[in-house]
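K.L.:
Starting off with a structure, shown below.
Any read-out appearing in this document is the output of simple, stated calculations on the displayed coordinates, not a laboratory observation. Computed from a prediction, not measured in an experiment: that's the story for all the values here. Cβ atoms come from the backbone with ideal geometry, glycine included; neighbour counts cover every protein chain shown.
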Amino acid sequence: MNPEERHIFSVLVENRFGVLARVAGLFSGRGFNIDSLNVAETHDKSISQITLVTHGDAQIIEQIYQHLNRLIDVIEVTDLSTGTHVERELVLIKIGAKPHERAEILQVAEVFRARVVDVTTTSLALEITGDEGKLKAAIEVFDSYGILELARTGKIAMMRGFDS
């Protein structure tokens with residue numbers, strides 16, 4: 001691995017008040033950076049999954065892994081970067097769209113498999129899901145039309161296949 005790489009951690013935690021604050025506090029207290037953070041309940045309402053993207057050299061990543069494992073309410077920590085995994089992000093993009101530009105914008109949206117989620121007389125809102133590269137390319141293209149607003153989820157990820 002490179003001296004400093006991005007890592008994606010899946011952290012299964014008890015779904016309790018304050019767990020996210022403890023995870024964030026671990027990072028801020030030790031001077032580690034969180035590049036992306038996503039939290040949601042799993043199919044079991046008593047467990048939440050935190051998908052956390054961070055970066056650092058091998059020693060820092062190992063420290064992060066060890067510290068996460070020591071936190072109260074943490075069930076399991078997996079560094080998804082060490083195996084084959086699937087990752088996605090979602091972005092909502094609101095674009096200024098004059099009537100004569102709409103057909104062209106919709107054609108470009110189709111290339112990115114974007115879905116129109118809102119239309120007004122002056123704008124279009126699109127939903128795009130994919131990997132970081134696809135979203136970066138879409139944002140770059142739609143920027144030329146005039147992005148009015150943009151919101152991103154951050155990464156969600158899981159290992160591929162089935163582990164028993």
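K.L.:
Rank ILE61, THR129, ILE75 by how far each Cα sits towards the positive end of the charge dipole of the chain (+1 on Lys, Arg Cβ; -1 on Asp, Glu Cβ) and give me just the farthest.
P.N.:
THR129
K.L.:
Which residue, chosen from LEU26, HIS100, ASN38, occupies the Cα position most advanced towards the positive end of the dipole of the chain, where the dipole is computed from +1 (Lys, Arg) and -1 (Asp, Glu) charges on Cβ about the Cα centre?
P.N.:
HIS100
K.L.:
Now, a different point. For the range 1-67, which trypsin sites (Lys or Arg not before Pro) pass both filters: DSSP loop (anything but H, G, I, E, B) and at most 14 other C-beta atoms within 10 Å? Mind dumping the intermediate values first?
P.N.:
Details: sites: ARG6, ARG16, ARG22, ARG30, LYS45; in loops: ARG16, LYS45.
When the trypsin sites (Lys or Arg not before Pro) of the range 1-67 are filtered for loop state and at most 14 Cβ neighbours within 10 Å, ARG16, LYS45 remain.
K.L.:
Using DSSP to call loops (not H, G, I, E or B), can you name the trypsin sites (Lys or Arg not before Pro) in the range 99-164 whose Cβ has at most 12 other Cβ atoms within 10 angstrom? Walk me through the numbers before you get to the answer.
P.N.:
Numbers: sites: ARG102, ARG113, ARG115, LYS134, LYS136, ARG152, LYS155, ARG160; in loops: ARG113, LYS155, ARG160.
Answer in residue order: ARG113, ARG160.
K.L.:
Which whole-angstrom value gives the distance between the alpha carbon centres of the range 1-52 and the range 103-127?
P.N.:
The range 1-52 and the range 103-127 have Cα centres separated by 33 Å.
K.L.:
In addition: Going by alpha carbons, how many degrees (0 to 90, nearest 10) lie between the helix axis of 19-30 and the longest principal axis of the chain?
P.N.:
80
K.L.:
Enumerate the aspartates and glutamates that LYS94 could reach by cross-link, defined here as Cα to Cα under 18 Å, with residues fewer than 8 away along the same chain left out.
P.N.:
Of all the aspartates and glutamates, those that pass the test against LYS94 - Cα under 18 Å, at least 8 places apart if same chain - are GLU104, GLU110, ASP118, GLU127, GLU140, ASP143, GLU149.
K.L.:
Return the loop-located GluC sites (Glu not before Pro) in the range 1-68 (DSSP other than H, G, I, E, B) with at most 14 other Cβ atoms within 10 Å of their own Cβ; answer none if there are none. Walk me through the intermediate numbers first.
P.N.:
Values: sites: GLU4, GLU5, GLU14, GLU41, GLU62; in loops: GLU4.
In loop regions of the range 1-68 (DSSP not H, G, I, E or B), the sparsely surrounded GluC sites (Glu not before Pro) are GLU4.
K.L.:
To the nearest 0.05, what FRET efficiency results for HIS85 and GLU149 with a Förster distance of 45 Å applied to their C-beta separation? If you can, show how the numbers build up before the last one.
P.N.:
On the way: r = 30 Å, r/R0 = 0.67.
The pair HIS85/GLU149 has a calculated efficiency of 0.90.
K.L.:
Now for a separate question. For the residue pair LEU106 and PHE32, what label-to-label distance in nm results when each label sits 7 Å from Cα along the Cα-to-beta-carbon direction?
P.N.:
4.7
K.L.:
For the chain, take the longest principal axis of its alpha carbons; what is the angle in degrees between that and the long axis of helix 58-70, to the nearest 10 within 0 to 90?
P.N.:
Once rounded, the angle reads 70 degrees.
K.L.:
Stretch ARG115-GLU4 to full length: gain in nm at 0.36 nm per residue minus the Cα-Cα span? Can you show the working numbers first?
P.N.:
Values: separation 111, 0.36 × 111 = 39.96 nm, distance 3.56 nm.
Residue separation times 0.36 nm, minus the Cα-Cα distance, leaves 36.4 nm.
K.L.:
Given a cut-off of 27 Å, name the pairs among LYS45/LYS134; LYS98/LYS134; LYS45/LYS155; LYS98/LYS136 whose C-alpha atoms lie farther apart than that in the structure shown. Walk me through the numbers on the way to the answer.
P.N.:
Numbers: LYS45/LYS134 32 Å; LYS98/LYS134 25 Å; LYS45/LYS155 21 Å; LYS98/LYS136 24 Å.
Going by Cα-Cα distance, LYS45/LYS134 fall outside the 27 Å limit.
K.L.:
With a ≥ b ≥ c taken as the square roots of the eigenvalues of the C-alpha gyration tensor of the range 86-159, please select rounded if a/c is under 1.5 and otherwise prolate if a/b is larger than b/c or oblate if it is not?
P.N.:
Values: a/c = 2.30, a/b = 2.06, b/c = 1.12.
Here the range 86-159 falls in the prolate category.
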